Every structure is written in structure tokens, then in C-alpha cells.
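Asker: Below: one structure in C-alpha cells.
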Amino acid sequence: METVNYFTSLPLLELAAVLTSLLYVVLAAKGNVWCWPAAFISTAIYTAIFYDVYLFMDSLLQVYYLLMAVYGWFCWQKNKQMPVNHVKPGDEQGVEQGGEGIKSWPLILHLKVIAVLAVVSLGLGHLMANYTQAHFPYLDSATTVFAVFATYMVAQKVLENWLYWVAIDLVSIYLYLAKDLTPTAVLFGLYVLIAAYGYYHWRQSFAAEGKLALN
């Protein structure tokens, strides 16, 4: 009941941001290019909302997501025009590309990415822990850093992006519950389910081209 009351009492502008954010995630999971206009609208609204309440860093992060919405639109439009299984010269060694332009990165590349992002998260977390009054500085920094990169992976149609989002959203649920932000935790629980569906749907599309053996 608390969650229902929370969302029904949201200001119209914030409610529009929440709904378009959900629309973005659902359409992205389905591989629909129209997810990016939804992302553009939601991030534009959140940029204004956060700026208005003096959350300047959050507002700046939304500007990044705004730019990624434009970048993602052009990347996905370009993928639609590519021949199936086309991999551009210079792509990472071991990268495979299947149906609908979906790529799969090799495990070694993911391990390198995770290691770099972990170091960046630790550095940012150290700064937040020592120079701000932030709660959960390391976990908060990690979710932000990994979310920034995972958004790039979505734009590039990297299959495994959804696994990153599952992990990010699960950690976020813990953070929001710890801060008594139950409705937001519920929202992120929904994101986990959509991310799991996104991985399944993209994996099926990728496998359709014979690039992945399904068990």
C-alpha cells in the first residue's frame, strides 16, 4: 500500500519521468529502438528535477544519460542497416555478433572491464568517504560507475549488459532499503525482472544466428 500511495501521489512531472524510464527499460529489453526517445524524455525531465532541488551531480549524470540516448539511437539505427554477423575492423578480439546486431564480449574482456571499473569505484568511493558525508560511499560509487558503463553497453548492443544491470539493481535495492526508500526499492526490483527478461530475449535473438548454443 505504501508503494501504491507513493506513486499515485507523485507530482505529474516526476510521474512522467518514472513512466518513461520504465518504458525505456521495457523497450530496450525487447530490442526496440524506440527505447532511446523514451530514455531521452525521462532523462531530460530528471535533469531538470535534480537541478531544481540542487542535486547538481545527479543532474550532471542525467546529462550523460541524455547524450547516451542520442548515441544509442544512432548506434541501433546503424545496426539495423548492417548485414547480419558483420563485425567492424578493429572490434575487440573474440567479439561475436549475432541477430539484430547484438554482440557478445568474451569473458576475458569482461574481467578486464570489471577490474578497471572496480578500481575507479574504489578511488571514487575513497574520495566520497573522506571528503563528503555520503552514506555507503563505496557501494554508491560502484553502482554509479558500473551504471555509466552498462549504459554504453546497451547502446553498443552488448548482450551481457543485462547481467551488469541485474547486479547493479540488486545492490541498489539493498541501498534503498537501508535508507527506507521502499517504493524506489520496489521499482528497482521490477528493473531486475525486466533485466532478466532482457538478457533472455537478447540471448534468443543472438542464438537465432547460430552464434550461441542454448542449453
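The values are calculated or read from the model by the stated rules, or taken from the named source; none is laboratory data. Computed from a predicted structure; not experimentally measured. Virtual Cβ from ideal backbone geometry, glycine too; neighbours counted across all protein chains shown. Heads up: the accessible areas ignore ligands, DNA and RNA and are worked out on the full protein's heavy atoms, side chains in. Shrake-Rupley method; radii C 1.70, N 1.55, O 1.52, S 1.80 Å.
Asker: So which of 153, 128 is over 20 Å from the mean Cα position of the chain (by Cα) and among the aliphatic types (A, V, I, L, M)?
Answerer: 128
Asker: From the list 123, 198, 189, exactly one residue is without any contact (Cβ under 8 Å) to a residue 12 or more places away in the chain and open to solvent by less than 70 Å² (accessible area, probe 1.4 Å). Which is it?
Answerer: Step by step, each of 123, 198, 189 is checked, and only 123 is without any contact (Cβ under 8 Å) to a residue 12 or more places away in the chain and open to solvent by less than 70 Å² (accessible area, probe 1.4 Å).
Asker: Same structure, new question: Would you mind stating whether residue 138 is in contact with a Gly (Cβ under 6 Å, 6 or more places away or on another chain) and open to solvent by 60 Å² or more (accessible area, probe 1.4 Å)?
Answerer: So residue 138 fits the description; yes.
Asker: Right, next: Here is a list: 150, 208. Which entry is modelled with pLDDT of 95 or more and either small (Gly, Ala, Ser) or crowded, with 16+ Cβ neighbours inside 10 Å (or both)?
Answerer: It is 150.
Asker: While we're on this one: What are the residue pairs meeting all of these: first residue in the stretch 27-38, first residue in contact (Cβ under 8 Å) with a residue 40 or more places away in the chain, second residue of a type in the set (Val, Ile, Thr) and surrounded by 17 or more Cβ atoms within 10 Å (Cβ to Cβ), Cβ atoms under 9 Å, and 6 or more apart or on different chains?
Answerer: What qualifies is 28/154; 28/194; 29/194; 31/102.
Asker: Separate question: Are any of the residues in the stretch 93-107 part of a helix (DSSP H, G or I), within 20 Å of residue 168 (Cα to Cα) and at pLDDT 85 or above?
Answerer: Yes.
Asker: Give the residues of the stretch 147-164 that are closer than 20 Å to residue 120 by Cα and in contact (Cβ under 8 Å) with a residue 40 or more places away in the chain, sorted by residue number.
Answerer: Across the stretch 147-164, the qualifying residues are 148, 151, 152.
Asker: Kindly indicate whether any position in the stretch 21-31 is outside any helix (DSSP H, G or I), modelled with pLDDT of 80 or more, of a type in the set (D, E, K, R) and open to solvent by 60 Å² or more (accessible area, probe 1.4 Å).
Answerer: Yes; the residues of the stretch 21-31 include at least one that is outside any helix (DSSP H, G or I), modelled with pLDDT of 80 or more, of a type in the set (D, E, K, R) and open to solvent by 60 Å² or more (accessible area, probe 1.4 Å).
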